[in-house]
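Reading through the structure tokens given below for one structure.
The values are calculated or read from the model by the stated rules, or taken from the named source; none is laboratory data. Quantities reported herein were computed from a predicted structural model and do not represent experimental measurements. Heads up, the Cβs are rebuilt from the backbone with ideal geometry, glycines too, and the neighbour counts pull from every protein chain shown. Ligands, DNA and RNA are excluded from the accessible area calculation, which covers all protein heavy atoms including side chains. Shrake-Rupley method; radii C 1.70, N 1.55, O 1.52, S 1.80 Å.
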Amino acid sequence: MDLCEIAPNTRRGGDLRAMLTPSTVGSTSGFMGVAIVEPGDRIAEHYHPYSEEFVYVVCGQLEVDLDGEPHPLQPEQGLMIPAHVRHRFRNVGNVEARIVFHLGPLAPSPPLGHVDTEESDNAPAAAQEARLAAGAS
């Protein structure tokens, strides 16, 4: 599987590409992907109720907030994020950052595997408009 074969997912910030998944390769115990985060960008805070997340920093300087506490991440460092721990990745350097991630075990269904705890800057316009309308009334 080549990175360019996977469409970017930017709705939570960054460029997330789930590469080796149940739908792409038939995996049954977890999935692996790459996150590309440009300088100043972030992946919005979220948690995984069923999965541990294993992260390896390929390049770039990041901070990961774990339950609100910032921790630096440098190239060639790995991190294990337990299930239920809120986390957000921020590129604090001046070059692109790349992260390889693996989550396992799989959630019972894909929508149950990821819980957003904040909006990203890339939230769909309709969601933004709905929030504004709710605040105006």
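Points to keep in mind about this one:
- Verdict on THR28 being more than 26 Å from GLN61 (Cα to Cα) and either open to solvent by 60 Å² or more (accessible area, probe 1.4 Å) or assigned to a loop (DSSP other than H, G, I, E, B) (or both): yes
- Number of residues in region 55-83 that are surrounded by fewer than 18 Cβ atoms within 10 Å (Cβ to Cβ), among the aliphatic types (A, V, I, L, M) and closer than 16 Å to VAL37 by Cα equals 1.
- Condition check for LEU103: in contact (Cβ under 8 Å) with a residue 24 or more places away in the chain, of a type outside the set (Phe, Trp, Tyr), open to solvent by less than 20 Å² (accessible area, probe 1.4 Å) and under 23 Å from GLU5 (Cβ atoms): yes
- Residue that is buried (at least 18 other Cβ atoms within 10 Å of the Cβ) and either of a type in the set (Val, Ile, Thr) or out of contact with any helix residue (DSSP H, G or I) (no Cβ under 9 Å at 6 or more places or on another chain) (or both), where the choices are LEU20, LEU16: LEU16
One line per residue, one yes/no per condition, for (1) touching a residue at least 12 places away in the same chain (Cβ under 8 Å); (2) touching a Phe, Trp or Tyr at 6+ places or on another chain (Cβ under 8 Å); (3) charged (D, E, K, R):
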{"residue": "SER51", "(1), (2), (3)": "yes, no, no"}
{"residue": "LEU62", "(1), (2), (3)": "yes, yes, no"}
{"residue": "ASP67", "(1), (2), (3)": "yes, no, yes"}
{"residue": "GLN77", "(1), (2), (3)": "yes, yes, no"}
{"residue": "ALA83", "(1), (2), (3)": "yes, yes, no"}
{"residue": "ARG90", "(1), (2), (3)": "yes, no, yes"}
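- Residues that are open to solvent by less than 40 Å² (accessible area, probe 1.4 Å), on the phi > 0 side of the Ramachandran plot and not in a strand (DSSP E or B) are absent from region 33-53.
- Test result for ARG86, of a type in the set (Lys, Arg) and open to solvent by 40 Å² or more (accessible area, probe 1.4 Å): yes
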